[in-house]
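First the structure, in the form of structure tokens, and then the observations on it.
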Amino acid sequence: MRLGKPLLYITFFWVASLCSQNKQLLYDFHEIPQSLMVNPGVKTMENWHTGIPFISGLAFQAGTSGVTVNDLFANDGIDFTNKVQERVLDAMTKGDDISTTSQIEGFNVGFRGRNRPNDYYSFGIYGETDIIVYWPEDLAILAFEGNGGANIGRSFDLGHLNVRGEMVNVFHFGVNRKVSNTLTVGARAKLYSSIFEFKSTKNSGTFSTTEGLDNIYANTIVADMELQTSGVEGILDILEEDTSTTQKDLASLFAKRVLLGGNLGLGFDAGFTYKLNPQTTITGSVLDVGFIYHSKDIKNYTLNGSATNEGIEVVLPEDIINLGLDLWQDLIDEIEESVPFDDNDDGFISLRPIKAYGSIRYDFGLREASNKDCGCGVNAGGSSQYEEMYRNSVGGQLYFIKRPRGIQAALTGFYQKKLGRTLSLKTTYTVDKYSLSNIGLGLNLQAGPINFYILGDNLLSYQNIADTHYASLQFGFNIISWNDN
Amino acid sequence: MKRLFFLGLLVLSVFLTTISCSEEQDFGQFDDLSITPTVASSIFYLESDEAFINSVNTTNVFYSQVFNFDAFTEQFVAERLLEGTISYEFENTTSKRLNIVIEFLDEGGNVLDVETFDIDSLPTLFSREVAYGSTGKSLDILINTSNLRVTASNLSDTISVSSSSEPKITMGSAAEFLFRLK
């Protein structure tokens, strides 16, 4: 039990701080087959690949644009309430978020078309969890300070409540085509099988306490709020049953929903790689353009309306007829009628968080000419066989993701070094809302047909992992064939 | 194959264990978090014009009512109430000298506390703040209050008329309380 609470906090901050989904190290790292998942139009050179099930692609990303674990829980002797006041309430705004994204590949397989060697097909399954919680600035201040004292006259914005989360299983099939020696394009179709989702992203309204027209204070609420959920009730029902079959029932429910038994959706990815000249390449991709239609296991909650309360009011002689009535209960009923808290089971559509990448890369540093095991056979002809002859690459990448409060962007500069055929290294420097000092390092190891990669982000923060605003780790194992065997 | 798998895990382990570390964290500090918001709300407003006061000439009490008022006895409130004040504001533009009594009653109708206000007939504006908690009256009064009895009496005649344009007595009241949410 003693471990319970620390574990809870660690889990909360780890999960809550997983974030941003940017895979700048993996992007355009074409030696890694999973780079197809962030650009279906990336240059492919292998003949086929297969990821080792469940360990071919594991991605965990961590970050928070506001407070860190260390800011609050460092054993520094400072009063905890003061730390919360100064580092959370006084410092964080509604634009700060804590969020989570994690992906686990079930399997990932790719192969080159026998009759169409310029086409590379890939398919697989992965599970994704994505949760984002914007800091509810005004609601937090209302909870900590209340509506009295210095907050008389302040309008608390109920729209600061903004949260979205989902767990989804994705079945995908993609085609990557080398159109010419300079252009490669690709697209990937996706079938989403939702396990659960909740979102409350379009809230508006205010709560304020001002000088009353008649009485001393007037409390006014104007609310248009909604929390939409799908798949949550079923899970909660099982957890609340508290029977010996809880674990089994949960596993059964998850298995059913993973295998298309829940709410379904469609989407696609698209991308390209274009060589401006033998040494300069531009790329771009757009991911998760799609939606999920939620019609099963729906439970939505709404709070709509407006009311002003100045307490129990008796105005004589008009109200002399109300003698004996329960005016307190009447007041409560009136407020609840004016601002009803309701629920419904209306279906809804949720859009996937669309992501986009773009990059420009300059290759330099010729090495000894050799096409051995490079997979260039599939790209034979033209200048493509020289692509692998550059040992170094340098360039920049852009990343965008559509979030409930708008588009988040990240800018990355990178340097990539190939050490023979077996080892490639990529280092990145990324600037985004979470960090201005994000240096990442990726390693791709190719030993015969066995491929192993590990990509770590924001390495400087590992000196004190509890103080990091952003960290990520991706790794996986694949088997790659460069030839026809 | 197996060797490379374990090699990969080794690289991963070495990578993580060699470069990552963390300052000492004390998650038990969360227990020290103190959340004490101040909640403000009006409670009761009474207004009566002079004509109505004059119309009640059989007795000097022109208004008496017992209100069910469970706001303080709600378990959530009762358990977390730390201290606070109840403010009363009066404005009298009638020609009457008035007396208003507010009694705090428990569930059995027993009087827990009484606030008495004598209001002059001259155009009068005054307020009173009553503190509860460590520097004032006992919080038990509020925590056990289930009803409020408001009694308004006319201490003058029922004939005189004020020269004010709309002569009336108004009484406003509001509470501002400190709660401990955590």
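The values are calculated or read from the model by the stated rules, or taken from the named source; none is laboratory data. Quick caveat: nothing in here was measured; it's all calculated off a predicted structure. Cβ coordinates were reconstructed from backbone atoms using ideal geometry, including for glycine residues, and neighbour counts include every protein chain displayed. Keep in mind that these areas ignore ligands, DNA and RNA; they rest on the heavy atoms of the full protein, side chains included. Shrake-Rupley method; radii C 1.70, N 1.55, O 1.52, S 1.80 Å.
Rolling a 1.4 Å probe across the protein heavy atoms gives the range A:405-475 an accessible surface of 36 Å² per residue.
Panel note: contact residues of the range A:206-230 (accessible area lowered by at least 20 Å² against the chain on its own; 1.4 Å probe) correspond to A:ASP214, A:ASN215, A:ILE216, A:TYR217, A:ASN219. Per residue, the range A:97-182 exposes 36 Å² of accessible surface when a 1.4 Å probe is rolled over the protein heavy atoms with every protein chain present.
Determine the distance separating the Cα centre of the range A:206-235 from the Cα centre of the range A:82-150; give it in Å without decimals. The range A:206-235 and the range A:82-150 have Cα centres separated by 26 Å. Relative to the Cα centre, the charge distribution of chain B, modelled as +1 at Lys and Arg Cβ and -1 at Asp and Glu Cβ, gives a dipole magnitude of about 700 debye. With the Cα gyration tensor of the range A:164-267 giving a ≥ b ≥ c as the square roots of its eigenvalues, does the rule (a/c under 1.5 for rounded; else a/b larger than b/c for prolate; else oblate) give rounded, prolate or oblate? Because a/c hits 1.5 or more and a/b fails to exceed b/c, the range A:164-267 counts as oblate. Panel note: contact residues of the range A:80-113 (accessible area lowered by at least 40 Å² against the chain on its own; 1.4 Å probe) correspond to A:PHE80, A:THR81. Sorting A:LEU351, A:LEU26 by accessible area puts them as A:LEU351, A:LEU26; the probe is 1.4 Å, largest comes first, and only protein heavy atoms count.
Contact residues in the range B:49-65 (at least 30 Å² less accessible area with all protein chains than alone, 1.4 Å probe): B:PHE52, B:TYR63, B:GLN65. Taking every alpha-carbon pair under 8 Å whose residues sit at least 6 apart, the range A:228-319 reaches a relative contact order of 35 percent. Taking all protein chains as shown and a probe of 1.4 angstrom, A:PHE60 keeps an accessible surface of around 60 Å². When the accessible areas of B alone and A alone are added and the area of the pair subtracted, with a 1.4 Å probe, the result is around 5100 Å², both sides summed. For B:PHE62, the residues whose modelled amide H falls within less than 5 Å of its own, excluding neighbours fewer than 5 places apart on the same chain, are B:ALA152, B:SER153, B:ASN154.
Rounded to the nearest 0.05, the FRET efficiency derived from the C-beta distance between A:TYR274 and A:ASP467 at R0 = 30 Å is 0.15. Remark: for residue pairs A:LYS248/A:LYS299; A:LYS190/A:LYS256; A:LYS23/A:LYS178; A:LYS23/A:LYS299; A:LYS23/A:LYS296, the C-alpha separation exceeds 27 Å in A:LYS23/A:LYS299; A:LYS23/A:LYS296.
For the range B:56-182, the share of accessible area belonging to carbon and sulfur comes to 48 percent (1.4 Å probe, ligands and nucleic acids excluded).
Between A:GLU240 and B:ILE35, what FRET efficiency follows from the Cβ-Cβ distance if R0 is 41 Å, with the result rounded to 0.05?
0.90
Taking Cβ atoms as reference points and 14 Å as the exclusive limit, the residues near A:ALA59 contribute a net charge of -2, counting Lys and Arg as +1 and Asp and Glu as -1. Measuring from centroid to centroid over Cα atoms, what is the spacing of the range A:243-272 and the range B:113-182 in Å? A separation of 61 Å, based on Cα centres. Heavy atoms of the protein chains alone define the surface here; on that basis the range A:200-253 has 55 Å² accessible area per residue at 1.4 Å probe size. Between B:THR116 and A:LEU331, the simple label model (points 7 Å from Cα in the Cβ direction) yields a spacing of 2.6 nm. The label point for A:SER252 and the one for B:LEU125, both projected 7 Å from the Cα toward the Cβ, are 7.2 nm apart.
In this rough spin-label picture, where each label sits 7 Å from Cα along the Cβ direction, the A:THR210-A:LYS402 distance is 3.7 nm. For chain A, which whole percent of the accessible surface, found with a 1.4 angstrom probe, sits on carbon and sulfur atoms? After summing per-atom areas, the C and S share lands at 62 percent. Once the Cα atoms of helix B:2-19 and of chain B are each reduced to a long axis, what angle between those two axes, in degrees from 0 to 90 to the nearest 10, is obtained? Here the helix axis deviates by roughly 50 degrees.
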